[in-house]
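Okay, so here's the structure we're looking at.
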Amino acid sequence: WLTTQIASKRPLIRPGVWHENPEYFSPTAVDTLEIFQMIAEQHEDSLGAYVISQATSASDVLNVLLLQLDAGVKKPLRVAPLFETLGDLEGATDTMKTLFSLPAYMGIINGKQEVMIGYSDSAKDAGRLAASNAQIDTQSKLAKL
């Protein structure tokens with residue numbers, strides 16, 4: 001569904017509709033939509049990557065991309081998933097393989113992808129030694145994609 005929406009020219013949400021119909025939007029949803037509206041109003045070179053903390057799946061990345069496109073961001077920000085917990089690190093390769101298998105996504109990123117590897121949450125989650133091993137293993141696997 002997300003890739004279909006990303007490829008669609010039809011807006012998902014009409015700008016400002018959250019103010020006209022506030023009963024349908026939570027305060028968090030309004031804040032999120034307004035952030036993407038603000039991003040759309042900025043000069044295309046004024047912002048860097050959009051980092052997704054606690055990224056766990058391809059849909060995390062695709063959601064951010066869809067919200068940017070829907071808000072009218074002309075040149076979408078790079079979307080960088082931050083894999084932090086041990087489980088996230090272990091799933092990072094599959095997440096990125098899924099994204100790289102999607103033609104719509106590959107067409108947008110032009111062969112360039114940033115990925116961030118977290119260390120503090122994984123160390124809290126699994127201990128420093130296990131976290132270090134998982135980080136090294138994840139980096140090695142991601143570099144081969």
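The values are calculated or read from the model by the stated rules, or taken from the named source; none is laboratory data. This is a predicted model, so every value here is computed, not measured. Here Cβ is always computed from backbone atoms with ideal geometry, including for glycine, and neighbour counts include all displayed protein chains.
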Only one of Ala123, Ala71 is closer than 30 Å to Val17 by Cβ, at pLDDT below 95 and buried (at least 16 other Cβ atoms within 10 Å of the Cβ), namely Ala71
If Tyr105 satisfies every condition in (1) farther than 26 Å from Leu2 by Cα; (2) surrounded by 15 or more Cβ atoms within 10 Å (Cβ to Cβ); (3) at pLDDT 90 or above; (4) of a type in the set (Ser, Thr, Tyr) but one, which is the exception? (1)
In the range 1-10, what residues are under 19 Å from the mean Cα position of the chain (by Cα) and either among the small types (Gly, Ala, Ser) or outside any helix (DSSP H, G or I) (or both)? Trp1, Ala7, Ser8
Residue among Leu89, Leu69, Leu77, Leu62 that is not in a helix (DSSP H, G or I) and not aromatic (Phe, Trp, Tyr): Leu77
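If a residue must be in a helix (DSSP H, G or I) and either within 14 Å of Ala55 (Cα to Cα) or not acidic (Asp, Glu) (or both), how many such residues does the range 92-145 contain?
Here the count works out to 37.
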Pairs only if they're at least six apart or on different chains, beta carbon under 8 angstrom, first in the range 54-65 and closer than 17 Å to Ser8 by Cα, second at pLDDT 95 or above and among the aromatic types (Phe, Trp, Tyr); list them, first residue then second. Val64/Tyr50
What are the residues in the range 12-59 that are within 27 Å of Asp88 (Cβ to Cβ) and part of a loop (DSSP other than H, G, I, E, B), if any? Leu12, Ser26, Leu47, Gly48, Ala49, Ser53, Gln54, Ala55, Thr56, Ser57
Failed item in (1) over 30 Å from Ser132 (Cβ atoms); (2) within 14 Å of the chain's Cα centre (by Cα); (3) free of Cβ contacts under 8 Å to residues at least 40 places away in the same chain, with Tyr105 passing the rest: (3)
What residue, among those in the range 85-102 that are within 14 Å of the chain's Cα centre (by Cα) and buried (at least 18 other Cβ atoms within 10 Å of the Cβ), is farthest from Thr138 (Cα to Cα)? Leu99
